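The values are calculated or read from the model by the stated rules, or taken from the named source; none is laboratory data. Just so it is clear, the model here is predicted, and its values are computed rather than measured. Areas reflect the complete protein model, heavy atoms only, side chains present, ligands, DNA and RNA absent. Shrake-Rupley method; radii C 1.70, N 1.55, O 1.52, S 1.80 Å.
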Amino acid sequence: MTLSLTMVPGRYCMLRLDAEAALPAWFSLAAPLAAACRTSDELSLLSPEQDVPATLPAERDLCAFKVAGPLDLTQTGILAAIAGPLGAAEIPILALSTFETDYVLVPASRFDEALKILSRDFGISI
């Protein structure tokens, strides 16, 4: 499988709010990478770290890779190809998919290691 990845600038934060919570006033979809996902169990938000109030519990200091797209929805194994080598190195990931592509976020403390692993297996643009 031939994939090309780019690094998304900035640091990101993922947090969970109650399922019935409204979108907070500080949350914006104007960032290079931001997402809101509501299920019957929760409202999850991915946002640039600097936008998230420090008082909220969250997974902070995440860095992101973007799979070059658009990807066809019939393609299989894309996330597995990325998650496999990172999992083998015990690097936790947060995966996010859109209609056209995939994003993989890793802790900033493991970013250089993830970059080395993914550079070995895929083309990466800095």
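Here are the numbers for this structure:
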{"item": "Principal axis box of segment 61-104, alpha-carbon based, largest edge first, Å", "result": "29, 22, 12"}
{"item": "The chain - accessible surface per residue (Å², probe 1.4 Å)", "result": "57 Å²"}
{"item": "More than 13 angstrom apart: percent of Cα pairs within segment 22-79", "result": "70 percent"}
{"item": "Cα centroid separation - segment 107-123 against segment 80-100, whole Å", "result": "11 Å"}
{"item": "Isotropic mean projected area of the C-alpha convex hull, segment 48-124 (nm²)", "result": "5.8 nm²"}
{"item": "Accessible-area value, L73, 1.4 Å probe, nucleic acids and ligands omitted, Å²", "result": "120 Å²"}
{"item": "Percent accessible area from carbon and sulfur atoms, the chain, protein chains only, probe 1.4 Å", "result": "56 percent"}
{"item": "Accessible heavy-atom area order of E59, E42, E90, E100, highest first, probe of 1.4 Å", "result": "E90, E59, E100, E42"}
